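The values are calculated or read from the model by the stated rules, or taken from the named source; none is laboratory data. In this text the structure is predicted, and so the values were computed from the model without any measurement. Heads up, the Cβs are rebuilt from the backbone with ideal geometry, glycines too, and the neighbour counts pull from every protein chain shown. For accessibility, only protein heavy atoms count, side chains too; no ligands or nucleic acids. Shrake-Rupley method; radii C 1.70, N 1.55, O 1.52, S 1.80 Å.
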Amino acid sequence: IMVRVINSRIANDFIKKHHYSGTVSNTSQLHFGCFVGNVLHGVLSYGSPMDKSKVIGLVKGTGWNEMLELNRMAFDDYLPKNSESRCIAVTLRMIRKNAPHIKWILSFSDGVQCGDGAIYRASGFVLTQIRKSNQIIETPNGERITRMTLTQVGNAKRNRVLAELGLKDDGSSSIKTFLDAGCKNLDGYQLRYIYFIDKASRKNLTVPEI
């Protein structure tokens, strides 16, 4: 497996196809591709959190440009077991070498849809929060889609689900339209993880480790 930096177009096309949400993060700026030969089998995209002001205080003294979020990680089914944690480790080493000002990495795991973050724990991330989540919606035919996707006017998946439900797009970003048509919230948990590139920063963590 070879890990190298790729452009956003290649990364986003892969993520839309293989990430459970079907969406990309508009804040992602650094994209790594995981290749066997010249075939892309995984993508990890790093960038700013959606609202950095709400999370930067998780580690006391962090400068505005001293942390990143692993916004998206998506792999197909080709690579063998443990490939994800191996590729994460390589990207973290590349960030440490080429962007030494980055002290820590934030990431989230959706326990409703894609597991509780065992890959992150195997990669040395610290679990810092478990909270209830209602961000996954199940359609009447059993398809699972993120709430963000369904409330994003113009999103192709939203439009497809509206058509399947026999609804017209009224331009509303409310989830109520879908719930009234038979979709339902799936109960579960979201887990928050932090990886300390700068090991000394771990003592500045302002929330408990779980």
Once both axes come from the Cα atoms, what is the angle between helix 8-18 and the longest principal axis of the chain, in degrees from 0 to 90, rounded to 10? 60 degrees
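Which trypsin sites (Lys or Arg not before Pro) in region 48-121 pass both tests, a DSSP loop state and at most 16 other beta-carbon atoms within 10 Å?
Answer in residue order: Lys60, Lys81.
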Rg/Rg_globular for region 1-105, with Rg_globular taken as 2.2 N^0.38 Å and Rg from C-alpha atoms: 1.08
Taking the Cα atoms of the chain alone, what are Rg (to one decimal) and Dmax (as a whole number) in Å? 18.0, 56
Accessible area in square angstrom per residue, region 135-210, 1.4 angstrom probe: 55 Å²
Can you give me the convex hull volume of the Cα atoms of region 141-187, divided per residue and expressed in Å³? 73 Å³
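Only loop residues by DSSP count here, and only those with at most 15 other Cβ atoms within 10 Å; note down the trypsin sites (Lys or Arg not before Pro) in region 124-210 that meet that. Write out the running numbers ahead of the final one.
On the way: sites: Arg131, Lys132, Arg144, Arg147, Lys157, Arg158, Arg160, Lys168, Lys176, Lys184, Arg192, Lys199, Arg202, Lys203; in loops: Lys168.
The qualifying sites are Lys168.
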Once the whole set of protein chains is in place, how much accessible area is left on Glu209, using a 1.4 Å probe, in Å² to the nearest 10? 90 Å²
SASA check, Asp180, accessible area w/ 1.4 Å probe, all protein chains in place, rounded to nearest 10 Å², comes out at 110 Å²
Within the chain, the percent of DSSP beta bridges that are antiparallel, given to the nearest 5, stands at 95 percent
Counting Lys and Arg as +1 and Asp and Glu as -1, each charge on the Cβ, what is the dipole of the chain about the Cα centre in debye, to the nearest 20? 680 debye
Express the carbon and sulfur contribution to the solvent-accessible surface of the chain as a percent, rounded to the nearest whole number, probe 1.4 angstrom. 50 percent
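Assuming 0.36 nm per residue, please report the length gained on full extension of the stretch Lys81 to Val39 beyond their Cα-Cα distance. Walk me through the numbers before you get to the answer.
Values: separation 42, 0.36 × 42 = 15.12 nm, distance 1.78 nm.
Full-extension gain reported as 13.3 nm.
Mind putting a number on the dipole of region 49-104 about its Cα centre? Charges go on the C-beta only, +1 for Lys and Arg and -1 for Asp and Glu, and I need it in Debye to the nearest 20.
The dipole of region 49-104 has a size of about 300 debye.
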Considering the dipole of region 98-196 built from charges on the beta carbon (Lys and Arg +1, Asp and Glu -1) around the Cα centre, which of Asn141, Asn98, Gly117 is farthest to its positive end? Asn98
Express the accessible area of region 1-81 per residue in Å², computed with a 1.4 Å probe while the remaining protein chains stay in the model. 53 Å²
Quick one: which residues, 5 or more positions from Ile197 or on another chain, have an amide H under 5 Å from its amide H? H modelled 1.01 Å from N in the peptide plane, none for Pro or chain starts. Trp104, Ile105
What the 5 Å binned alpha carbon P(r) of region 113-181 shows, as percent of pairs per bin from 0, is 3, 14, 25, 18, 11, 10, 9, 7, 3, 0
